[in-house]
Structure formats: structure tokens, C-alpha cells
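First comes the structure, then the notes that go with it.
The values are calculated or read from the model by the stated rules, or taken from the named source; none is laboratory data. Computed from a predicted model, the values in this text were never measured in an experiment. Cβ atoms come from the backbone with ideal geometry, glycine included; neighbour counts cover every protein chain shown. Please note that ligands, DNA and RNA were not included when accessible areas were found on the heavy atoms of the full protein model with its side chains. Shrake-Rupley method; radii C 1.70, N 1.55, O 1.52, S 1.80 Å.
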Amino acid sequence: MSNNVVIIVADDVPVGTVVAVAKRADSQVRAVVAGSRELAESVAGAGVASVCWVPQPEGVPTEALASVVAQKVQQLAPAVTLAPNAAASRVLAGAVAAALDAAVASSVVAVNFEDGKTVVERLVAEQRAVETLETTAPVVALVSDGAEDVEESAPAPIEEVAAAVLAPMTVAGIHEGESGGADLANAQRVVGVGRGLTSKDQLALAEALAGALDAEIACSLSLCDDYRWFEHARVVGTSTQRIAPRLYVSVGISGQPQHMTGVRGAKTIVAINNDPEAPIFRNCAYGIVGDLNKVVPALTAALS
């Protein structure tokens with residue numbers, strides 16, 4: 001096993017943070033990509049040394065490529081295999097870990113090689129602390145969510161690998177659930193609401209603000225799971241969906257890591273909260289400390 005790093009990508013998600021973590025290990029970085037040619041080409045331009053591309057046949061889920069990806073990574077014999085924290089990539093990472101008999105870590109922010117050991121740093125305690133792990137075994141790690149930009153570079157060579165042995169799975173059909181009209185993934189402006197709203201009647205204030213901004217409404221997990229005020233399609237957070245609007249206005253959201261991970265891609269975050277110590281004020285461009293019953297109507301009136 002050499003001190004090299006492989007990244008595996010199977011989802012159409014930003015790979016800048018994964019590549020950045022890999023490069024900071026001061027080692028050669030190679031990529032194994034399962035999916036479309038376009039995905040392989042996007043990774044090839046992200047600053048890696050080479051790309052091994054496993055095409056995804058039509059009608060076959062990405063997870064069916066897991067054994068092929070695992071075999072290819074095993075041939076590369078990396079000390080560290082990194083993957084973004086995304087649905088299909090997590091499945092492939094599990095197959096790779098089994099093939100390599102590797103140690104597994106999540107929420108990783110850094111990897112290094114010191115004195116014959118692999119040193120892994122990961123976020124713990126709801127991202128408030130960093131834990132350092134050491135091992136002499138191969139490591140498969142899911143990288144902590146982030147939004148680091150990809151450095152432009154000349155495209156790396158792409159080697160196409162025939163997916164000769166696939167798990168016997170095909171897509172039988174797709175059923176789209178009720179979304180209630182939510183399109184957070186494509187929204188340029190989003191107003192998010194949280195537990196700072198003490199009654200359902202206050203939703204009208206947020207809806208009026210969203211109307212003035214021509215924005216979608218989103219919510220924290222608790223307003224869906226605990227209060228049942230929203231359908232699941234409007235929840236933003238680590239375990240639900242991540243959004244990247246140009247403007248995100250949070251109303252009554254404290255800013256816990258679970259929620260902030262979901263809006264980390266937003267270009268500008270504006271926070272409205274009556275607690276000056278709320279964590280969200282450390283993660284926003286503009287913060288307003290005050291009673292939402294007064295601040296939100298005034299802001300809506302100004303925008304109107």
C-alpha cells in the first residue's frame with residue numbers, strides 16, 4: 001500500500017471539498033467515477049491526476065456498479081479513499097471499504113501521512129470539535145460537507161472501464177412523491193423558518209416575506225417532524241436536502257450544524273433571531289437581532 005489517495009464520485013454534487021482534502025495530503029490524487037461521461041469530465045477538470053470512468057448503463061442504478069468500482073479501487077491500492085457525503089457515493093464507499101478491509105470514518109476534514117501512519121481528522125460533537133484518528137490500515141472516509149471551489153486545471157486523462165460484472169438491478173420505475181410545489185433545489189431565493197416561530201399563525205409573516213422576495217419557503221427538520229407544519233420536501237439540513245440559493249433568509253432558526261450544512265452553499269445568508277448568541281450569527285453575512293413579529297413585517301414592507 002502506497003501513500004496515495006483515491007476519490008470516488010457517483011453523484012452530481014460539488015467535488016471541490018473532496019479534492020481539496022485529498023490534495024492537502026500532499027500525495028497523488030486519482031479518481032474513480034461511476035455515472036455519466038459528463039460527470040467523469042467534470043471530475044477530470046478538478047485537478048486530479050487521472051480518472052477511471054465506470055459508465056452507468058441506461059436503466060441501471062449507480063449502486064449496481066459498486067463491485068466494479070471496488071475492484072478498480074482495490075487495484076489502485078490507496079492508503080486513503082475519499083468520497084463526498086452523498087447517497088450513491090456512500091454506497092460505493094461501503095463496497096470499497098469491504099474490499100480493502102479498511103477502517104471507515106465520516107465527517108472528515110483532513111488526512112495526512114506521518115511516520116508510517118495515516119492521520120485522519122474529523123468533525124465530532126455536532127461539528128464543534130475535531131477528533132484525530134491514526135491507523136496503519138487503509139482508510140475509507142466520507143468528507144465533511146463543504147463548498148470549496150475547484151481549482152481550474154487541464155483535464156486529466158479519462159480511462160473508460162467496462163462494467164463487466166454488475167449487481168443484477170434495474171430501475172423498474174420512478175414515483176415522484178407530492179412536493180407541495182416546493183422547488184428548493186432551483187430556487188434563487190429562499191426564506192427558511194424554524195422553531196423561533198411559536199405559533200402556526202406566524203407562518204403568514206414568513207410567507208409574506210417570501211412573496212415580496214419571490215422566494216420559496218423552507219423549514220428546519222423540527223417544523224416538519226415535530227410540528228407537522230410542512231411536508232418533507234421543504235426541509236433543509238444534513239439528513240434531508242442541501243440548497244444553494246443566491247439569498248437565504250432565516251427566520252427564527254438558531255443555526256445548529258444539522259441545518260447550516262443544508263444551506264452552506266447559499267451565496268448570502270441573512271439571519272433574523274431574537275437571541276444575539278444564536279450560532280447562526282456566526283454563519284451569516286447580515287444579522288438582525290429582534291422580534292420576528294416586528295422585524296419581518298418591516299422588512300416585507302420595505303421590499304414591497
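Within the range 237-264, work out how many residues are farther than 24 Å from Ala129 by Cβ and not polar (S, T, N, Q). Here the count works out to 9. Taking the range 168-197 as the search range and keeping residues that are open to solvent by 50 Å² or more (accessible area, probe 1.4 Å) and at pLDDT 90 or above, which one is farthest from Val249 (Cα to Cα)? By that ranking, first place goes to Arg195. When we screen Ala266, Ala218, Ala233, Ala244 for residues that are assigned to a strand (DSSP E or B), among the aliphatic types (A, V, I, L, M) and under 25 Å from the mean Cα position of the chain (by Cα), the only hit is Ala218.
With respect to being surrounded by fewer than 18 Cβ atoms within 10 Å (Cβ to Cβ), touching a residue at least 24 places away in the same chain (Cβ under 8 Å) and in contact with a strand residue (DSSP E or B) (Cβ under 9 Å, 6 or more places away or on another chain), Arg282 falls outside the description. Every condition in (1) open to solvent by 80 Å² or more (accessible area, probe 1.4 Å); (2) closer than 19 Å to Asp26 by Cβ; (3) among the charged types (D, E, K, R) holds for Glu121 except the one numbered (1). Remark: pairs (first residue in the range 214-243, closer than 17 Å to Thr261 by Cα; second residue of a type in the set (Gly, Ala, Ser) and assigned to a loop (DSSP other than H, G, I, E, B); Cβ separation under 6 Å; 6+ apart in sequence or on different chains) = Ser220/Gly194; Leu221/Gly237; Ala233/Ser179; Ala233/Gly180; Ala233/Ala182; Arg234/Ala182. Filtering the range 269-293 to residues that are in a loop (DSSP other than H, G, I, E, B) and touching a Ser or Thr at 6+ places or on another chain (Cβ under 9 Å) leaves Asp275, Ala278, Cys284, Ala285.
Check the range 5-12 and report whether any residue there is over 15 Å from Ala88 (Cβ atoms) and without any contact (Cβ under 8 Å) to a residue 40 or more places away in the chain. Checked against the condition, which is being over 15 Å from Ala88 (Cβ atoms) and without any contact (Cβ under 8 Å) to a residue 40 or more places away in the chain, the range 5-12 yields no hits at all.
Filtered by the rule that a residue be buried (at least 21 other Cβ atoms within 10 Å of the Cβ) and in contact with a Cys (Cβ under 8 Å, 6 or more places away or on another chain), the range 219-241 gives Arg234, Val235, Val236. Suppose the filter is at pLDDT 95 or above, under 14 Å from Asn293 (Cα atoms) and either surrounded by fewer than 19 Cβ atoms within 10 Å (Cβ to Cβ) or in contact with a Leu (Cβ under 8 Å, 6 or more places away or on another chain) (or both); does Leu209 pass it? Here the answer is yes, as Leu209 does meet what is asked. When you look at Val143, is it hydrophobic (A, V, I, L, M, F, W, C) and either within 20 Å of Asn4 (Cα to Cα) or more than 24 Å from the chain's Cα centre (by Cα) (or both), yes or no? When the stated conditions are applied, Val143 passes them.
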